[in-house]
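Asker: One structure, as structure tokens, below. Some questions next.
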Amino acid sequence: MGELIQEFNDYRAKMNDVILGKQNKVINRLFNLDTNCYAEGALSTKTKEMLGLVASMVLRCDDCIKYHLGKAHEQGVTTEEMYEIFAVANIVGGTIVIPHTRRAAEYWEELIAQ
């Protein structure tokens, strides 16, 4: 696994354990809603991950972008599809999204190199 991916996944898992371990009902329910939102339904899990990625890029959340890139990769999103996702995010979010697209492209390259 690439260094960027390993570092992100390790930190995310460690801090999620800390946060969820505090047993705050609201936070735990929010995490549960987030997980369930991306379950298969009228929209496929793949489609939901692509939507989540566009929203994360427009909102400029690099951690969220990395998470959805990983999930999109697991769902079989192709590089051609990924660059269309990047295009939609940049059209919706404007040029301020370009730096996030650069980092997303770097992370995607590491994912597909695995």
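Asker: Going by the structure shown, is LEU51 out of contact with any strand residue (DSSP E or B) (no Cβ under 7 Å at 6 or more places or on another chain) and more than 18 Å from PHE8 (Cβ to Cβ)? Even if it seems obvious, please write down each step before you answer.
Answerer: On the way: out of contact with any strand residue (DSSP E or B) (no Cβ under 7 Å at 6 or more places or on another chain): yes; more than 18 Å from PHE8 (Cβ to Cβ): yes.
Considered against the rule, which asks whether it is out of contact with any strand residue (DSSP E or B) (no Cβ under 7 Å at 6 or more places or on another chain) and more than 18 Å from PHE8 (Cβ to Cβ), LEU51 comes out as yes.
Asker: Would you check if GLU110 is in contact (Cβ under 8 Å) with a residue 60 or more places away in the chain and touching an Asp or Glu at 6+ places or on another chain (Cβ under 9 Å)? Spell out the reasoning first.
Answerer: Numbers: in contact (Cβ under 8 Å) with a residue 60 or more places away in the chain: yes; touching an Asp or Glu at 6+ places or on another chain (Cβ under 9 Å): yes.
Spelling it out, GLU110 is indeed in contact (Cβ under 8 Å) with a residue 60 or more places away in the chain and touching an Asp or Glu at 6+ places or on another chain (Cβ under 9 Å).
Asker: Could you count how many residues in the range 12-52 are over 28 Å from MET82 (Cβ atoms), part of a helix (DSSP H, G or I) and among the basic types (Lys, Arg)?
Answerer: So the answer is 2.
Asker: Is it the case that the range 72-79 has a residue that's farther than 25 Å from GLN6 by Cβ and surrounded by 15 or more Cβ atoms within 10 Å (Cβ to Cβ)?
Answerer: Taking every residue of the range 72-79 in turn, none turns out to be farther than 25 Å from GLN6 by Cβ and surrounded by 15 or more Cβ atoms within 10 Å (Cβ to Cβ).
Asker: Test ALA87 against the criterion of being assigned to a helix (DSSP H, G or I), among the small types (Gly, Ala, Ser) and loosely packed, with under 15 Cβ neighbours inside 10 Å, and give yes or no.
Answerer: yes
Read-outs throughout are calculated quantities, based only on the coordinates presented, and are distinct from any laboratory measurement. These figures come from a predicted structure and were not determined experimentally. So basically every Cβ, Gly included, is an ideal-geometry build from the backbone, and we count neighbours across all protein chains shown.
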